[in-house]
1. Across segment 181-229, what is the total count of residues that are at pLDDT below 90 and among the hydroxyl-bearing types (Ser, Thr, Tyr)?
2. Give the residues of segment 380-408 that are at pLDDT 95 or above and polar (S, T, N, Q), sorted by residue number.
3. Can you list the helices (runs of 4 or more DSSP H) found entirely within segment 17-90 that contain at least 2 residues being more than 24 Å from the chain's Cα centre (by Cα)?
4. Which of the residues spanning segment 397-413 are under 24 Å from Ile319 (Cα atoms) and either touching a Phe, Trp or Tyr at 6+ places or on another chain (Cβ under 9 Å) or surrounded by 15 or more Cβ atoms within 10 Å (Cβ to Cβ) (or both)?
5. Collect the residues in segment 172-190 that are over 18 Å from the mean Cα position of the chain (by Cα) and assigned to a helix (DSSP H, G or I), keeping them in residue-number order.
6. Being part of a helix (DSSP H, G or I) and among the hydrophobic types (A, V, I, L, M, F, W, C) is the filter here, so list the residues in segment 238-261 that pass it.
7. Go through Glu298, Glu329, Glu334 for me and flag whichever is assigned to a helix (DSSP H, G or I), more than 16 Å from the ligand (Cβ to nearest atom) and either among the aliphatic types (A, V, I, L, M) or surrounded by 18 or more Cβ atoms within 10 Å (Cβ to Cβ) (or both).
8. Restricting to segment 132-147, name every residue that is near the ligand (Cβ under 8 Å from one of its atoms) and more than 30 Å from Ala346 (Cβ to Cβ).
Amino acid sequence: LKLLHAVWWKPKMIEKKLREQGIHGYPYKVVYGNTREMTELAREKGSEPAEQPHDILPRINPLLHDLATTHKKSFVVWYGTTPRVTIMEPDLIKEILDNKSGDFPKPKTNSFTHLFVSGLASYNGDKWAKHRKIVNPAFHIDKLKHMMPAFVVCTDDMVSKWRKLVNFMGSSEVDMSVEFQNLTGDVISRAAFGNNFEEGRLISLLQKEQGRLFLQSQMNISFPLLSYLPTKVNKRMKHINREVGSLLTRIIKKREKFIRAGEHRDDLLGLLLKSNLNQVQESNNSEAGMSMQDVIEECKLFYFAGQETTANLLTWTMILLSMHPEWQERAREEVFRVFGNDHTPANYDDLNRLKIVNMILLEVLRLYPSTSLIRTTRKETKLGELCLPAGVQLSMPLHLVHRDKEQWGDDVMEFKPERFSDAMIKETKDKAAYYPFGWGPRVCVGQDFAMAESKLAMAKILHNFSFELSPNYTHAPFAAVTLQPRYGAPIVLHKLPGVTTTAAVS
Ligand code: HEM
């Protein structure tokens, strides 16, 4: 009876309540929900060429596209027995993301997901509040300023390597998605672990493999129980989890020893441990701080939350600037105008002078953001005029809302960085029609970190190279937590005339 209730009665009741409030979708099917339709539609329409390159939804999620075209604002999709209601209206999105009383928590993650990622991003309630309070100070702008040398070293390493390739061949084809995964992994390793950079790099590689295996395991949406069986993939994931755990334990213990000896380092780990210690001392309560396991989870999260997201932002920026060479030229002209022939940005304040580069990054984040923010209802909850039953997931898909004609106008599918001029940013600031870094109390803790890293990398690349899409590039974005180019991002780099090696890399 319990099983029947869970797989038939409960979903049917929720479906009825949603339908009564005008929330429609594909009908619920026992156990599978709409996963079969999703797979079939993806197979059927997923490879159809897009009319406009940035009109990507019909390809990446044909079911969502179909429902959004028919129902416009709110509709439901069944992931197995879980209903997921899509919310498109900025006022409602703001109500959900701004909620401070815990009415819309993040969905619970299972023990298998914890192998890959846990920490701040998946907690709710008091645990989230405690961790957020401790993690926040480590990402403060004043602290970021001290991390700039780490960003500069990693970016210079990458640019020097490219210059060698280009100098040798005249021009060179590089897969940007691979290069930027390496760059952002190195930046986090250096910014987080300073002197323990090499161990950090190993963690980065292992976490990258863990991400790939996790994604592979999630592809089995038709057989979700596979996640729990001792398959080769699952065993490897458990092994990586242990390995990363012991690497991080060693680094953290070493660092705690230094702190006890009065020696402090201003990298993310040092700042996190210091903030943790302050919290315990101020409240005179050891429970107010994080445990060793908690710190390990937060460090792992830095890789998951900060590596691929930033690598994607940079990868799509290179692709879009290759598709729109007039903007590539405008951005390069700005970099040379602001810094001259012999310099590139070297500190945090320098980066604020790059207005056009900033506009470009914001427009790339509009068109190619992470996929969706998800919250849930634990009890019957009011949202605007709606009364949502318990157990409903709420999805706020960035790639859909960022492409809503009502919010952005008829040219919504066009790449137009001028949308993000200072005046326009002010006008749309309070409207949750643009939220690439989330919104409200759970807004991305690393957004200034990511923007600084991306502006620096783009400034140095523009200062050294011109670039274009390789004939081997196929525009096929696909959604796997973040939006990625399915077949990589091969781009041809050309040496800029008249730029000397030392000046270019300095
Ligand atoms: C372009 C790069 C990035 C993008 C697009 C991005 C996007 C986001 C978004 C949309 C959220 C909110 C998720 C939600 O509300 O469900 C988020 C949260 C978060 N991000 Fe980022 N992020 C980026 C870079 C980073 C970096 C570099 C770090 C750290 C090194 C980071 C750490 C976090 C953490 C810890 C959270 C969880 C915050 C919380 O729940 O309180 N992110 N990010």
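1. Residues flagged as at pLDDT below 90 and among the hydroxyl-bearing types (Ser, Thr, Tyr) within segment 181-229 amount to 4.
2. Result: Thr381, Gln393, Ser395.
3. Values: elements: 35-45, 57-60, 62-71.
Answer list for segment 17-90: 35-45, 62-71.
4. First, pick out the residues of segment 397-413 that are under 24 Å from Ile319 (Cα atoms): 397-405, 408-413.
Within segment 397-413, Pro397, Leu398, His399, Leu400, Val401, His402, Arg403, Asp404, Trp408, Val412, Met413 qualify.
5. Going through segment 172-190, the residues over 18 Å from the mean Cα position of the chain (by Cα) turn out to be 172-175, 190.
The answer is Arg190, and nothing else.
6. Residues satisfying the conditions are Ile240, Val244, Leu247, Leu248, Ile251, Ile252, Phe258, Ile259.
7. On the way: Glu298 fails: more than 16 Å from the ligand (Cβ to nearest atom); Glu329 fails: either among the aliphatic types (A, V, I, L, M) or surrounded by 18 or more Cβ atoms within 10 Å (Cβ to Cβ) (or both).
Criteria check complete, one pass: Glu334.
8. Of segment 132-147, the ones near the ligand (Cβ under 8 Å from one of its atoms) are 132, 135, 139.
Arg132, the sole residue that qualifies.
The values are calculated or read from the model by the stated rules, or taken from the named source; none is laboratory data. Just so it is clear, the model here is predicted, and its values are computed rather than measured. When we count neighbours, we look across all protein chains shown, and the Cβ atoms used for this are built from the backbone with ideal geometry, even at glycine.
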